[in-house]
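Worksheet: the structure to be examined is printed underneath.
The values are calculated or read from the model by the stated rules, or taken from the named source; none is laboratory data. For clarity, every value in this text was computed on a predicted model and none was experimentally measured. Note: ideal-geometry Cβ built from the backbone for every residue, glycine included; neighbour counts use all protein chains shown.
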Amino acid sequence: MIKNLTIFLLLAVSACGQSTSNENIVSKKAKLKPDWKTLEVSEFSIQYPKTWELNQSGQMGTSFFLFSPLENDADDFKENVNLIIQDLSGQNIDLNKYTEISTDQIKTMITNSNMLESKRIKTQDEEYHKVIYTGDQGKYKLKFEQYYLIRNNKAYILTLTCEKEKFVNYTDDGESILNSFVVK
């Protein structure tokens, strides 16, 4: 069963860190932007800028990808947010164990991985684990911000992926997208 977890985390290729600190923040609902689009399905909802492209093809085991527009003709990487939902039924894996497995896998599966941040976050609505790390994929040097949420025997892995040097340009919109995610 842990092999299945490995496969899903490898597909997410966007996860994790190690320390645990608690941080109280305002409700995620307060950060929603009224001029954005909303993807609403039976299991969850998420908001995103109207200039971003929604892809629900299921590519790489995802529920969706949200792709930013290219910045210019020389830009060949679309920063993105994706969601993978993994069934954990019968595996007895809580958020602590899931985070431990994920962070270990990042260290071994992501070329030149470097954990920058790992912390537990509690909002008014839920608790999740946030990790930020860098690593290489092919010619790209990337930076990832990933949220792990466990609810109803399912793991929700929400990932922002950016070129490392452009990450700061996408932090505001990227985190707003991630923070708008709501499991129903």
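Here are the numbers:
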| read-out | value |
| --- | --- |
| Unmet criterion (only one of (1) out of contact with any helix residue (DSSP H, G or I) (no Cβ under 9 Å at 6 or more places or on another chain); (2) modelled with pLDDT under 95; (3) of a type in the set (A, V, I, L, M, F, W, C)) for Ile110 | (2) |
| Subset tally (residues that are under 17 Å from the mean Cα position of the chain (by Cα) and in a loop (DSSP other than H, G, I, E, B)) for region 42-61 | 5 |
| Condition broken by Lys3, with the remaining ones in (1) farther than 17 Å from Ile157 by Cβ; (2) modelled with pLDDT under 95; (3) not aliphatic (A, V, I, L, M) satisfied | (1) |
| Residue in region 140-184 that is nearest to Glu117 (Cα to Cα), counting only those that are assigned to a loop (DSSP other than H, G, I, E, B) and touching an Asp or Glu at 6+ places or on another chain (Cβ under 9 Å) | Asn153 |
| Selection count, region 132-182, where residues are under 12 Å from Val81 (Cβ atoms) and in contact with a strand residue (DSSP E or B) (Cβ under 6 Å, 6 or more places away or on another chain) | 16 |
| Among the residues listed as Glu145, Glu175, the single one being surrounded by fewer than 19 Cβ atoms within 10 Å (Cβ to Cβ), within 15 Å of the chain's Cα centre (by Cα) and not aliphatic (A, V, I, L, M) | Glu175 |
| Cross-chain or 6+ apart pairs with Cβ under 7 Å, region 120-146 first and modelled with pLDDT under 95 and charged (D, E, K, R), then crowded, with 16+ Cβ neighbours inside 10 Å and assigned to a strand (DSSP E or B) | Glu126/Leu149 |
| Where Lys122 falls short, out of the listed (1) in contact with a helix residue (DSSP H, G or I) (Cβ under 7 Å, 6 or more places away or on another chain); (2) of a type outside the set (Gly, Ala, Ser); (3) closer than 21 Å to Gly174 by Cα | (1) |
| Matching residues in region 58-93 - criterion: being more than 21 Å from Gly174 (Cβ to Cβ) and of a type in the set (S, T, N, Q) | Gln86, Ser89, Gln91, Asn92 |
| Count of residues meeting criterion [buried (at least 18 other Cβ atoms within 10 Å of the Cβ) and in a strand (DSSP E or B)] in region 86-114 | 2 |
